[in-house]
Amino acid sequence: MLKQVVMKFGGSSVADAEKIKRVASRIKVARKLGDHVVVVVSAPGDTTDDLLEMAHRITDSPSERELDMLLATGEQVSIALLSMALHSFNTDAVSLTGPQAGIYADANHTRARITKILPTKIHSELAKGKVVIVAGFQGMNPNQDITTLGRGGSDLTAVALAAAISADRCEIYTDVKGVYTADPRVVKEAKKLDRISYDEMLELAGAGSQVMQARSIEVAKKYNVELHVRSTFLEDEGTWIVREVRGMEDVVVSGIAFDRNQAKLSILEIEDRPGVAAKIFGALADVRINVDMIIQSAASGFSNDISFTVARTDLKKAMPILEKVKEELGAKDILCEEKVAKVAIVGVGMRSHPGVAAKMFQTLAKAKINIEMISTSEIKVACVLKEEDCEKAVKVLHKAFNLNSKS
Ligand code: ADP
Ligand code: ASP
Ligand code: MG
């Protein structure tokens, strides 16, 4: 029986003509093996960032609909060029935008969710023997407008397509050899993992490991799509992201993630009564600002301090809303610390090994790094600290949890 394969290539893999040709020759090999191949590609190199910057040179607050219209063009450049490259290698191929591929999304511009996939055209093109190249990161909303799926969204396109066509394999090709114990660009001792569970990858991605988009992992877990993250330019085996990894509970910490795009906000001396937190976070949710860690101090008298983190890129949007809430609720002040980062250790083994958080705090204390906020899940401990301490924190933790020596 013919195998169906989804191959996703990230932006760095299609950054220039030479790389696009290398990707095309890799696809040609897969096609020659007789597989039905669906390819998903991102925009070349930094195109998405460049387009965003261009929009902001025109206006401070571009319409989200038009922003999506603009950003989606990046992926269209890649699909067309890659299809041309395959043609030049005598391999039949056709490029499809997200809407042409039958990818439907909700109306949340710039961060839409995929609602359904109707892969009729994909199937008919595959049946003609063509390699089908789909633009990542985009879909069509109920208004028939193009929407994008959030940064890193081509991963989501690939996983969702793999689920929709019941693909035998979903391969994520990127500029590193797989998922490492920490970002290999920051920790040179980081080791490639052979396997990692969905739950761990989800926590790592949520804590800032950009190698996979967090939502794509949620979808992979839901539909049981096993992922193979590997290098575009090397043949080596990469990392398998799977449901369970044998012996996984023996490893206390599997990986470390960090996120520098964080800011900390504190509302001081706000009344201690029901409804206050609902008011603050409701107002932020209304403008779709995600709040991460939240700490409420012990009440002193009739008031509290509430601190929380948001993405630094949301700070400009959050401040006027908080000023308004402050006036309405009679809080004393708002403090803003712009340069914080979040560092997280992740591992399913934490469930069965006590003392992991304590070891993290001791390690940071020894390195004279102050912890400003802490949050935990069953398999993660995350700390907010000063951005200038971020890299050092990741390195000392990597060593303390024996990840340097992992084979
Ligand atoms: P693509 O363009 O292929 O989507 P991304 O830039 O989104 O690639 O993701 C790959 C990058 O993720 C790597 O270059 C690496 O710097 C970074 N990264 C962060 N954390 C990790 C990790 N734990 N393992 C591997 N790569 C990581
Ligand atoms: N091009 C989009 C981005 O830069 C989507 C992706 O690369 O996955 O976020
Ligand atoms: Mg990516």
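The values are calculated or read from the model by the stated rules, or taken from the named source; none is laboratory data. Treat the numbers as computed from the prediction; the structure is a model and nothing was measured. Glycine gets a Cβ as well: all are built from the backbone with ideal geometry, and neighbour counts include every protein chain shown.
Return yes when V40 is closer than 25 Å to R113 by Cβ and of a type in the set (A, V, I, L, M) and no when it is not.
It is true that V40 is closer than 25 Å to R113 by Cβ and of a type in the set (A, V, I, L, M).
Just name the residue that is nearest to the chain's Cα centre (by Cα) out of those in region 11-51 that are in a loop (DSSP other than H, G, I, E, B) and surrounded by 22 or more Cβ atoms within 10 Å (Cβ to Cβ).
S42
Do any strands (runs of 3 or more DSSP E) entirely within region 316-407 hold 1 or more residues that are modelled with pLDDT of 95 or more and among the basic types (K, R), and if so, which? Give the steps one after another, and end with the answer.
Numbers: elements: 333-346, 373-377, 380-386.
Qualifying strands (runs of 3 or more DSSP E): 333-346, 380-386.
What's the total number of residues in region 149-178 that are more than 15 Å from G136 (Cβ to Cβ) and either in contact with a Pro (Cβ under 9 Å, 6 or more places away or on another chain) or within 10 Å of ligand 1 (Cβ to nearest atom) (or both)?
Count: 5.
Check whether at least one residue in region 97-105 is at pLDDT 95 or above and over 20 Å from A162 (Cα atoms), and report yes or no. Walk me through how you get there before you give the answer.
We begin by selecting, within region 97-105, every residue at pLDDT 95 or above; these are 97-105.
Next, from what is left, pick out any that are over 20 Å from A162 (Cα atoms): none.
Within region 97-105 (the criterion being at pLDDT 95 or above and over 20 Å from A162 (Cα atoms)), the answer is no, since none of the residues qualifies.
Residues that are within 14 Å of ligand 3 (Cβ to nearest atom), touching a residue at least 12 places away in the same chain (Cβ under 8 Å) and not acidic (D, E), at least 2 per element: which strands (runs of 3 or more DSSP E) completely within region 173-255 meet that? Break it down into steps so the answer makes sense when it comes.
On the way: elements: 195-197, 227-231, 239-242.
Once the strands (runs of 3 or more DSSP E) in region 173-255 are filtered for at least 2 residues that are within 14 Å of ligand 3 (Cβ to nearest atom), touching a residue at least 12 places away in the same chain (Cβ under 8 Å) and not acidic (D, E), what remains is 227-231.
Do the conditions hold for L322, that is, is it crowded, with 16+ Cβ neighbours inside 10 Å, of a type in the set (A, V, I, L, M, F, W, C) and farther than 15 Å from T376 by Cα?
Yes, satisfied.
Only one of these conditions is not met by F233: (1) under 19 Å from A160 (Cβ atoms); (2) among the aromatic types (F, W, Y); (3) surrounded by fewer than 20 Cβ atoms within 10 Å (Cβ to Cβ). Which number is it?
(1)
Do we have any residue at all in region 116-133 that's in a strand (DSSP E or B), among the polar types (S, T, N, Q) and either more than 25 Å from F89 (Cβ to Cβ) or without any contact (Cβ under 8 Å) to a residue 12 or more places away in the chain (or both)?
Going through region 116-133, the residues in a strand (DSSP E or B) turn out to be 116-117, 131-133.
Then keep just the ones that are among the polar types (S, T, N, Q); that gives none.
Within region 116-133, not a single residue is in a strand (DSSP E or B), among the polar types (S, T, N, Q) and either more than 25 Å from F89 (Cβ to Cβ) or without any contact (Cβ under 8 Å) to a residue 12 or more places away in the chain (or both).
Which of the residues belonging to region 1-10 are modelled with pLDDT of 95 or more and part of a loop (DSSP other than H, G, I, E, B)?
Within region 1-10, just G10 meets the criteria.
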